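Engineer: Right, I'll just put the structure down here and ask away after.
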Amino acid sequence: MHLTVASRVEAATDTPTTAPRLRLVPPLPAPPKLYDVSRRPSRHDPRSVAESFARGVAEVMARARPVDQLRELATWEVVRLIERTAKRQPHVARRSAPRLRSVHLATPCEGVVEACAVVDAGLRSRALAFRLEHHDRTWRATAVQFG
């Protein structure tokens, strides 16, 4: 019986071993973006909120929209700042509605989006910079600067 076990061991070691076959695997998924909407509990995309806010501010400055319509998109302090700035603007007969030329977003940290927008307002173009923060499943503007 001892011989039988030894012969089995020898037979097992005498067989040539083949290297395992390599197979292609799919590439790793791309790393997540700085802001991935699917990972957030937000109901709103920050880009669409930023575009709506920038368009709303431009229309308030052109006196085509009341400032109170921005309450859903901005904090009370930001709404009052927009109101004060709009009152200081000279009143010009509106030729056409302001047009949003571009909006650029940056994400400095989790739950914060900093945006800048360029608005065509008649013969002039204006710049607008603002900050959106994510609170209670929605985005709100917490700071704004006019250029």
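The values are calculated or read from the model by the stated rules, or taken from the named source; none is laboratory data. Worth saying up front: this structure is predicted, and the values here are computed from it rather than measured. When we count neighbours, we look across all protein chains shown, and the Cβ atoms used for this are built from the backbone with ideal geometry, even at glycine. Note: accessible area is taken over every heavy atom of the protein model, side chains too, but ligands, DNA and RNA are not part of it. Shrake-Rupley method; radii C 1.70, N 1.55, O 1.52, S 1.80 Å.
Engineer: Going from most exposed to least, what order do E133, E72 have by accessible area with a 1.4 Å probe?
Structural biologist: In descending accessible area the options line up as E72, E133.
Engineer: Rolling a 1.4 angstrom probe over the protein chains, ignoring ligands and nucleic acids, what is the accessible area of L105 in square angstrom, nearest 10?
Structural biologist: 60
Engineer: How long is the gain from S48 to Q145 if the chain were fully straight, where each residue apart is worth 0.36 nm and the alpha carbon distance is subtracted? Could you put the intermediate results ahead of the total?
Structural biologist: Details: separation 97, 0.36 × 97 = 34.92 nm, distance 1.92 nm.
The S48-Q145 span can extend by a further 33.0 nm.
Engineer: Moving on to the next point. Sorted by accessible area with a 1.4 angstrom probe, largest first, how do R124, R47 fall?
Structural biologist: Values: R124 150, R47 95 Å².
Highest to lowest solvent-accessible surface, that is R124, R47.
Engineer: To continue, here is another question. Report the local net charge at Q145: Lys and Arg +1, Asp and Glu -1, summed over other residues whose C-beta lies under 12 Å from its C-beta.
Structural biologist: Working: positive: R126, R131; negative: E114.
Net of charged neighbours comes to +1.
Engineer: At a 1.4 Å probe radius, which order do R55, R71 fall into by accessible area, largest first?
Structural biologist: Working: R55 100, R71 125 Å².
Ranked list, largest accessible area first: R71, R55.
Engineer: So what does the Cα-only Debye profile of segment 95-142 read at q = 0.19, 0.21, 0.25, 0.26 Å⁻¹, as log10 I(q)/I(0), no solvent term?
Structural biologist: Summing over Cα pairs of segment 95-142 leads to -0.65, -0.73, -0.86, -0.90.
Engineer: Dipole size in debye (nearest 20) for segment 57-147 around its Cα centre, Lys and Arg Cβ +1, Asp and Glu Cβ -1?
Structural biologist: Working: 16 positive and 10 negative charges, 125 e Å.
It works out to roughly 600 debye.
Engineer: Follow-up question, since we're still on this one. Tally Lys/Arg at +1 and Asp/Glu at -1 over every other residue whose Cβ is under 13 Å from the Cβ of T85; what's the total?
Structural biologist: On the way: positive: R63, R80, R84, K87, R88, R126; negative: E77, E83.
Neighbourhood net charge equals +4.
Engineer: Given the convex hull of the Cα atoms of segment 58-119, what is a quarter of its surface area in nm²? It would help to have the intermediate numbers written out before the result.
Structural biologist: Details: hull surface 20.1 nm².
Average projection, Cα convex hull of segment 58-119: 5.0 nm².
Engineer: Provide the per-residue ³J(HN,Hα) series for segment 80-89, in order, calculated from phi with Karplus coefficients 6.51, -1.76, 1.60 and θ = phi - 60°, each as a whole number of Hz, with x at glycine and proline positions.
Structural biologist: Taking θ as phi minus 60°, the curve returns 5, 4, 5, 4, 5, 5, 5, 5, 7, 6 Hz for segment 80-89.
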